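Structure first, commentary second.
Rule-based calculations on the coordinates, nothing more; no lab input. Because the structure is a prediction, the values reported are computed rather than measured. Quick reminder, even Gly has a Cβ in these numbers, built from the backbone with ideal geometry, and neighbours come from all protein chains shown.
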Amino acid sequence: MTELHLMTVAELSASLRSGAISSVELTRAFLARIERHQRELNAFITVSPDRALAEATRADERLRAGRGGALTGIPIAHKDIFCTRDEKTTCGSRMLANFISPYDATVVQRLREAGVVCLGKTNMDEFAMGSSNETSWFGPVRNPWDTARVPGGSSGGSAAAVAARLAPAATGTDTGGSIRQPAALCGLTGIKPTYGRVSRYGMIAFASSLDQAGVFALSAEDAALLLSAMAGFDERDSTSVELPVPDYVAELAQPLKGLKIGVLREFFQGLEAPIEELIRTALDALHAQGAVLKEVSLPHLPLSVPTYYVVAPAECSSNLARFDGVRYGYRCEKPRDLADLYQRSRGEGFGAEVKRRIMIGTYVLSAGYYDAYYLKAQQVRALIAADFERAFHEVDVVIGPTTPTTAFALGAKTQDPVTMYLNDIYTIGANLAGLPALSVPCGFAGELPVGLQIVGPHFAEGRLLNVAHQYQRESDWHLRVPRGFG
Amino acid sequence: MSITREQLESIARLARLSLSADEAPQYAEGLSRVLALVEQLQGVDTRSVIPMAHPLPGQRARLRTDEVKETDQHELYQRNAPQVEAGLYLVPRVIE
């Protein structure tokens, strides 16, 4: 039998249900791997061995009683942005370094009900603001493919953990690319569903009109299994959508014959040659399976980054106003008065990137600037969404690269915020338009993985997973293991 | 677009963020760069474009009936508070 840590969730699920392995055994194997590699990668903020083993024991009882589902007994890791009851939930910030959540996020609760075992909470950029996992209060995460490089962000810990086989899958969140970009940089399959598809309840808010939860997995099939358990209406999230969740796993088998793929002209501008070559090769492979390729243009897409850096900071400045040093979170020492308490608790509790974004947001929303910045950005956002809508009249999905470069060196882009922001140039559009999007490994430039991005119309998650799955049937990029982690 | 020292101080005050004197130039520089990036939007013709209010077309805020569903758990929630007394959150004296 293949070693446990190299198996997919689908394979582990079959072994658990046949009784060939137990969840306790599986959970111990991953806990041991986390212990061995944590110092090197810093992928976790909290590891919970006792709790994980207790959950695994319960899962084994369920399995023995014949009541196990597809995910019963599967250990995973949660990004530390999801509240987990009676456990530390830090959001990568000093502000919440000692915060013990009094409740579970809906995503956590649903996966728990499905019998999933939580190994621990993964490291992330502070409040999910970053593209390299270097803004975490708990230190940067390292990319298992090359530990001198970043894993991407903001869900960098989840991506590094799955790539290093410290967990067979992990949750993440994506506001401007925070699942797809690290999935691309770490050689994983990562999906950001349609806005409103997965509940945001208990997921610490960054930009509420863009935030969406999703997963990192080794394959599209595994992502489909996890998303099936996570998705669906939740009355506790005011923007949760009341639509039934289709059977994502059943949809995987659809052949690609006749699928209309839009090749996005704007996604190939400013792209490094080795990445472009891999994307074109992947498109050829999809064409060989019967898909039809057609060039499409989204003329307003190049405005995604400036639009995002008005909308996201504006929403962040409002969401993060709740951290006041009074009800929960960090409080400064010896405040002189109430104003000093607010200002120093926030000044000391937040890191530099979070403060920068709060200030940008405060500025663009301040009296006299609202129309010029926020209203204007929401208008351009409407133009970007309309571009996508027009494209989806002609094609079923649009495809391009996930990122303009492969994983970069730690420290390479920390000096200028704009250089860092441009990492998300291809991913932000889907968030602005609320569309589902996925990144799938499509080869290596040198030693580093490259991601292919597939974007679909609203609620087309099943189609995206289907395209990725059919691609993965004919390729093995997604099964490559970084050296030293096999 | 360049942010002056005075503008930065005013933004920080509105955002209730203390900034040390040595951090200030770095933030002024960073904010100026981001605002220069955002400046690109000014060139776009958006006359007659309705600003986007929701990422999903046709979706509106869902209303619920006003009924009590949650139980009182203030003790549990206050375990995370820096300073609490008799069920109240403590802050420095506001009225002398």
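Converting phi to 3J(HN,Hα) with the Karplus coefficients 6.51, -1.76 and 1.60 and the offset θ = phi - 60°, region A:14-20 yields 5, 5, 5, 6, 7, x, 5 Hz in sequence order, with x at every glycine or proline. Modelled this way, with points 7 Å down the Cα-to-C-beta line, the labels at A:D371 and B:E75 are 5.5 nm from one another.
Convex hull over the Cα atoms of region A:22-174, averaged projected area in nm²?
That works out to 8.2 nm², a quarter of the Cα hull's surface.
Packing around the peptides A:175-184, A:442-451, A:117-126, A:457-466, taken as the average count of other Cβ atoms within 10 Å per residue, puts them in this order, highest first: A:175-184, A:117-126, A:457-466, A:442-451. In chain B, helical runs assigned H by DSSP with n ≥ 4 each contribute -39500 (n - 2.57); averaged across all residues and rounded to the nearest 500, the mean residue ellipticity at 222 nm is -9000 deg cm²/dmol.
Distance between the modelled labels on B:Q40 and B:V68, one decimal in nanometres: 5.4 nm (7 Å Cα→Cβ projection).
Taking 7 Å along the Cα-to-C-beta vector as the label spot, tell me the B:D22-A:R67 distance in nanometres, rounded to one decimal. Once both label points are built, they end up 6.1 nm from each other.
Can you give the mean number of other chain Cβ atoms that lie within 10 Å of the Cβ atoms in peptide A:190-201?
Values: counts 0, 0, 0, 0, 2, 4, 4, 1, 0, 0, 0, 0.
Mean partner shielding for this stretch: 1.
Length, then width, then depth: along the principal axes, the Cα atoms of the protein assembly as shown run 72, 56, 52 Å. Each Lys and Arg adds +1 at its Cβ and each Asp and Glu adds -1 at its Cβ; summed about the Cα centre, chain B shows a dipole of about 380 debye.
Using bins of 5 Å that start at zero, the share of Cα-Cα pairs per bin across region A:186-276 amounts to 2, 12, 16, 17, 18, 17, 11, 6, 1, 0, in whole %. Scalar couplings 3J(HN,Hα) for region A:399-413, obtained by applying the Karplus form with A = 6.51, B = -1.76, C = 1.60 to θ = phi - 60°, are 10, x, x, 8, 9, x, 9, 7, 4, 9, 5, 4, x, 5, 10 Hz; x denotes Gly and Pro. Counting only other chain Cβ atoms within 10 Å of each residue's Cβ, the peptide B:35-43 averages 6. Rounded to whole numbers, the Karplus 3J(HN,Hα) couplings from phi for region A:475-486 are 9, 10, 4, 6, 9, 5, 10, x, 4, x, 10, x Hz, using 6.51 cos²θ - 1.76 cosθ + 1.60 with θ = phi - 60°, and x at Gly and Pro.
Neighbouring Cβ atoms from other chains, within 10 Å of the Cβ of residues in A:432-443, number 1 on average. The GluC sites (Glu not before Pro) of region A:310-415 meeting both criteria, a DSSP state outside H, G, I, E and B (loop) and at most 12 other C-beta atoms within 10 angstrom of the site's C-beta, are A:E333.
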